[in-house]
Amino acid sequence: GARDRVRNHRTAHNEQDDESFKRDTAIASTLSSSVMISPLPTLPPSIHLPHSFPKLISGCIPMPKFTNYALGFIETLDYVLASKPSRTESYGFCQLSSAPMPSEDMVGHYVAMPNEFMPSDHVSIVCDLEWKRYG
């Protein structure tokens, strides 16, 4: 009767969910294993600025391996840059520390960002800088 129809519906629905889950997991596994991050250290982009422009430093030490982790795209897109004190710039910033960045394994476990634990497709960059006088 009605109980059998409900039981059959639940069984069919659960089997369908299981198949969807298996298919989605296989797709995610294939996609995440095809994305590679270079083992070389990440360097800031090469930018040529006029000589009058203040010398810039990165607020993050070391430079993050990635700040964006999406299916098929893993790159460092976000930077914290500050001017360094120099002969031409009496005051500037020095790096003190930066917050730890998530590892590729940590993010890869969830396939990509955003996900249920990481609400953005970008990693937050947090660093402490000190305002200093040259010399």
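The values are calculated or read from the model by the stated rules, or taken from the named source; none is laboratory data. These figures come from a predicted structure and were not determined experimentally. So basically every Cβ, Gly included, is an ideal-geometry build from the backbone, and we count neighbours across all protein chains shown. Heavy atoms of the whole protein, side chains included, go into the accessibility calculation; ligands, DNA and RNA do not. Shrake-Rupley method; radii C 1.70, N 1.55, O 1.52, S 1.80 Å.
Listing for the model above:
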| item | result |
| --- | --- |
| Carbon plus sulfur fraction of accessible area for the range 58-135, probe 1.4 Å, in percent | 53 percent |
| Karplus 3J(HN,Hα) series, Hz, for the range 114-129 with 6.51 cos²θ - 1.76 cosθ + 1.60 (x for Gly, Pro) | x, 8, 5, 10, 10, x, 10, 8, 10, 7, 6, 9, 10, 8, 9, 10 |
| LEU96-SER120 pseudo-label distance in nm [points 7 Å out on the Cα-to-Cβ vector] | 2.1 nm |
| Sequence-distant residues sharing a close amide H with PHE93 (under 5 Å, placed H) | SER83, LYS84, LYS132 |
| Calculated FRET efficiency for the pair MET106/SER83, C-beta based, R₀ 22 Å, to 0.05 | 0.10 |
